[in-house]
Each structure stands twice: as C-alpha cells, then as structure tokens.
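Novice: What follows is a structure written as structure tokens; I'll ask about it next.
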Amino acid sequence: EKLNLQQFCQQIIHSLHLSFEDENQIIAKFKGEFQEEFWDSKLLWHILHNLLSNALKYSPKGGNILFDIIVDEKLVTFRIEDQGIGISQTAQKHLFEPFYRADNVENISGTGLGLSIVRKCVEVYQGDIFVDSQLNKGTTFTVILPRQQPLMSKIEKSIEQI
Ligand code: ATP
Ligand code: MG
C-alpha cells in the first residue's frame, strides 16, 4: 500500500518505546524527501521492528540507539547503531541462520528467528543487509532497499513462500 516512510518509522519507534518502557531511546534522523509511496508494510515492519528491538534488547540500560533513514532517488538506507554487547566475528557468520544465538546472550531471552526473517524480507525486496560489530562496543546494521519496487504481485508471491 501507499505509505510515508518517515511516518511509518516514527510509528514503529513509538510502539517500541512503549513496550521497552523508555529504558533506551531510539534517536531517528531522516535525510531526503519523504512522500507517500508504495511499500509492503508487513515486510518493512518485520525488518525494522526486529533490528530495532534487537538493538534495544542487546544494549545496557540508558544506551541510545541511532537510527538513520536516508532516501535518495533510487534507494532507501536504514542504519541502526547500538552501543550494546556486540557480536563476535564467529557469531557474525551465523547470525542470519534460523535459531542461531551467539553465546554472549545467555541471560537475554529470544528464539533466534528475528534475523532470519529479516534476511528473507530483505531478499524479497532485492535489497542488501550488512552488519558491522565489535564485542562489548556495539553493533551497526545497514539495510539498503530499492525504492522503485518490483511489481507488487511479485512481492506478494514471494511472501507466500516465506
Ligand atoms: P528473536 O527471535 O526473539 O528475535 P533473537 O534476538 O535471539 O530472538 P535474532 O534477532 O535472530 O534472534 O538474532 C540472532 C542473534 O544475533 C541474537 O541471539 C544475538 O546473539 C545476535 N544479535 C542480533 N542483534 C544483535 C545486536 N544488536 N547486538 C548484539 N547481538 C545481536
Ligand atoms: Mg531478535
């Protein structure tokens, strides 16, 4: 459906701040011109909600999360940067596998499915996802999606396969 990316991101941030009881703040920065355009809100929600809730969940209390949303003519780039527990080099290789959880998250609950869903959704959009992380320093996820979306029918077909 048609939606404004800026409003959509602000709604997700608002709902996360409510559910995480404002322990950590997500600080959003928007760059570029945001207008109503066609996006699949379910896919976008899975991508952003999982990455942002990971950033909140794997950060100590009081750690802020920087969320940059940059649009240009062809692409949108989402950058989610936390100052949390970080991900080891070894764990980075397995992050997107279903049920994988790194060994520094023992006392933080989760199923290990979030990122595998994120990766599927990014693939459906024919986008890219990158991770950059250092143990005990923090993690940055970058997602790049094309703004000129492939035909909606194609997207819907791919969703059925997830
Ligand atoms: P859930 O299915 O509830 O999301 P989860 O958060 O454990 O559970 P994923 O979101 O798939 O699962 O993440 C997989 C693993 O990647 C996590 O268990 C954690 O080890 C690591 N991870 C993901 N995001 C971060 C982050 N921002 N900081 C540190 N580790 C992370
Ligand atoms: Mg998760």
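Novice: Projected area of the chain, taken from the Cα convex hull and averaged over every viewing direction, in nm²?
Specialist: 9.0
Novice: OK, next. Too long at a 28 Å Cα-Cα cut-off: which of Lys57/Lys93; Lys29/Lys120; Lys42/Lys137; Lys2/Lys57?
Specialist: Lys42/Lys137; Lys2/Lys57
Novice: Hey, another quick one. At Asp128 and Asn4, where each label point lies 7 Å from the Cα along Cα→Cβ, what is the point-to-point distance in nanometres?
Specialist: 3.0
Novice: Between Glu97 and Asn64, take the C-beta separation as r, use R0 = 22 Å, and let me know the FRET efficiency to the nearest 0.05.
Specialist: Computed FRET efficiency for Glu97 and Asn64: 0.15.
Novice: For a Förster distance of 22 Å, can you work out the FRET efficiency between the beta-carbons of Thr90 and Leu113, rounded to the nearest 0.05?
Specialist: About 0.65, to the nearest 0.05.
Novice: What spacing in nm lies between the two simple spin-label points modelled at Ser15 and Asn104, each 7 Å away from Cα in the Cβ direction?
Specialist: Distance between label points: 3.0 nm.
Novice: Over the chain, calculate the relative contact order: mean separation of alpha carbon pairs under 8 Å at least 6 apart, over the residue count, as a percent.
Specialist: 22
Novice: Angle, helix 5-19 long axis vs. longest principal axis of the chain, Cα atoms, 0 to 90°, nearest 10?
Specialist: 30
Novice: Also: What angle, in degrees between 0 and 90 and rounded to the nearest 10, separates the Cα long axis of helix 41-57 from the longest principal axis of the Cα atoms of the chain?
Specialist: Helix 41-57 sits roughly 20 degrees off the main axis of the chain.
Novice: Now for a different question. Which percent of the Cα-Cα distances in the range 47-94 go past 14 Å?
Specialist: In whole percent, the long-distance tail amounts to 59.
Novice: Rounded to the nearest 5, what is the percent of antiparallel bridges among the DSSP beta bridges in the range 1-129?
Specialist: 60
Novice: What length, rounded to one decimal in nm, is gained on full extension from Leu135 through to Lys29, with 0.36 nm per residue of separation minus their alpha-carbon distance?
Specialist: That works out to 35.6 nm of additional length.
Novice: While we're looking at this one, here's another question. For the chain, with only Lys/Arg (+1) and Asp/Glu (-1) charged at the beta-carbon, what is the dipole magnitude about the Cα centre, in debye rounded to 20?
Specialist: 220
Novice: Still on this structure, I have one more. So for the chain, taking the charge dipole from beta-carbon charges (+1 Lys/Arg, -1 Asp/Glu), which of Pro98, Gln10, Phe141 sits furthest toward the positive end?
Specialist: Pro98
Throughout, read-outs are computed from the coordinates displayed, never taken from laboratory work. Remember, predicted model here, so these are calculated numbers, not experimental data. A quick note on method: Cβ atoms are made from the backbone with ideal geometry, for glycine too, and the neighbour counts reach across all protein chains shown.
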